[in-house]
1. So, in region 206-246, of the ones that are surrounded by fewer than 20 Cβ atoms within 10 Å (Cβ to Cβ) and of a type in the set (Asp, Glu), which residue ends up farthest from Pro431 (Cα to Cα)?
2. Of the residues Ser153, Ser158, which single one is at pLDDT below 90, within 27 Å of Thr114 (Cβ to Cβ), surrounded by fewer than 18 Cβ atoms within 10 Å (Cβ to Cβ) and among the small types (Gly, Ala, Ser)?
3. Look through region 119-148, keep the residues that are touching a residue at least 12 places away in the same chain (Cβ under 8 Å) and either open to solvent by 60 Å² or more (accessible area, probe 1.4 Å) or outside the structural domain of Trp102 (by the TED database) (or both), and return whichever of them is nearest to the chain's Cα centre (by Cα).
4. Looking only at region 65-92, which residues are in contact with a helix residue (DSSP H, G or I) (Cβ under 8 Å, 6 or more places away or on another chain) and either acidic (Asp, Glu) or not assigned by the TED database to the domain that holds His199 (or both)?
5. Please work out which residue is nearest to Gly105 (Cα to Cα), limiting yourself to region 374-403 and to residues that are open to solvent by less than 30 Å² (accessible area, probe 1.4 Å) and assigned to a helix (DSSP H, G or I).
6. Restricting attention to region 166-194, and to residues there that are in a helix (DSSP H, G or I) and open to solvent by less than 20 Å² (accessible area, probe 1.4 Å), which single residue is farthest from Gln408 (Cα to Cα)?
7. What pairs come out if I take residues in region 253-280 that are closer than 13 Å to Phe230 by Cβ and pair them with residues that are part of a helix (DSSP H, G or I) and among the hydrophobic types (A, V, I, L, M, F, W, C) whose C-beta lies under 6 Å away, six or more apart or interchain?
8. Could you grab me the full set of residues in region 346-360 that are assigned to a loop (DSSP other than H, G, I, E, B) and either under 20 Å from Ile249 (Cα atoms) or among the aromatic types (Phe, Trp, Tyr) (or both)?
Amino acid sequence: ELKGIVFVIQSQSNSFHSKRAEDLKRDILKQAVDLGKELPTVLLIHQINRHEGAWTILPLMRDFSVTYGGNSSWIFFCEEDTRIQVVKLLEALRRFDKSKEWFLGKALYDEESTIIHHYAFAENPTVFKFPDFAAGWALSIPLVNKLAKKLKSEPLKSDFTIDLKHEIALYIWQKGEGPHLTPVPEFCTDDVNSYKADHCATTFSNFLPLCGEPVNKEDVFVAVKTCRKFHGDRIPVVKQTWEREAALIEYYSDYADVSIPTVDLGVPNTDRGHCGKTFAILERFLNHTSPRTPWLVVVDDDTLISIFRLRKLLSCYDPNEPVFLGERYGYGLGTGGYSYITGGGGMVFSRTAVQKLLASKCRCYSMDAPDDMVLGMCFSGLGIPITHSPLFHQARPMDYPKDYLSHQIPVSFHKHWNIDPVKVYFTWLAPNTEESHNGKHVGYNREDL
């Protein structure tokens, strides 16, 4: 029965995202009313629990078990842009015995072992399946109760959360002793208007949100972090690819090179984390750029980014709010910890966020501390939540399942390892890959990469 399903929307507190999640909640409840059914429970993750790691879901299992373990059948998770046909979802779930342990979803798998999954299953990465959150995924209550019990005796280790969908599947799998993901063909990521969507209980329509006109080119200031040893190989790639999309761009280095040109911030280069350099960039943005420029983007010199798409995405955010946007990772979230925006995929700040951060006196504990993690710690201490977008990527296109990228219009990728970065840019990120001529896409074929 519908009342036996607890819907959990993987929501965020930023006003743009929370509104989308509320809209989805209303839609689910309206469908229930139209069916004459008793209303199900619909929860928004950012409202359930003020715990910093609520978005990682596993820390919530004990609460779910206590609250719903006795009177529910399924917990169904979805993203704010997942669209649900409640009747078809009920039909799909009825095929499974709710008294058994089930982990259901649309299955993704790695085609080759990848750094973002710590090179797991290197012998044959295709054997391990994990859920595409966009299609929705479900846990039966017996499995929720088992996970809650396990978490009580074995708390989550205090380390990194990098790709949540893979890490949850690994935790549930329990080195082969727990359930594998069972693929459900009705959990789909086809567009709701696609002919393929007829059989689908879920669909997914968010390629790239646009909430009005894209923000102006002059509203986005781009800061590229580089150093002398990469001036000759990485900077030419930026200039051949996305530099022309940026109206306001500066390159920050440990050496002033007029041919690029680079700005020497007076911060020596470090072999690892670049906290000192990043905070110097934030200060410069606040004190040396027009106060009318509302957005700052900080990227590495081997980040490939579409400023064109970013301007569309930023139309959805209010720069008067403290916005810190990009791909979210977590550190130590089972035991407190904090979330952060991973630097390689690009870190986007509203001017308001930079003002609040620098006014707080939260700073680097050392010049070579990891800048992205220190920023996460600082914003967490200020009570400013980070805002996650799956369109930013810390790794290369081949580090993600093809099926996962197929329902995205990505904003960024990162790293030049074993790839032709110029080709990757023109395949995945160049503006003309969205525009078509005579119905044919311009640019390289993504399958080539």
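1. Across region 206-246, the extreme among qualifying residues is Asp233.
2. Matching residue, one of Ser153, Ser158: Ser158.
3. Lys129
4. Glu79, Glu80, Asp81
5. Asp399
6. Step by step, filter region 166-194, then rank; the result is Ile172.
7. Partner pairs satisfying both residue conditions: Ile260/Ile235.
8. Within region 346-360, just Gly346 meets the criteria.
The values are calculated or read from the model by the stated rules, or taken from the named source; none is laboratory data. Small disclaimer: the values here were computed from a predicted structure and weren't measured. Here the Cβ is made from the backbone with ideal geometry for all residues, glycine too, and neighbour counts use every protein chain on show. What goes into the accessible areas is simple: the full protein's heavy atoms, side chains included, and nothing from ligands, DNA or RNA. Shrake-Rupley method; radii C 1.70, N 1.55, O 1.52, S 1.80 Å.
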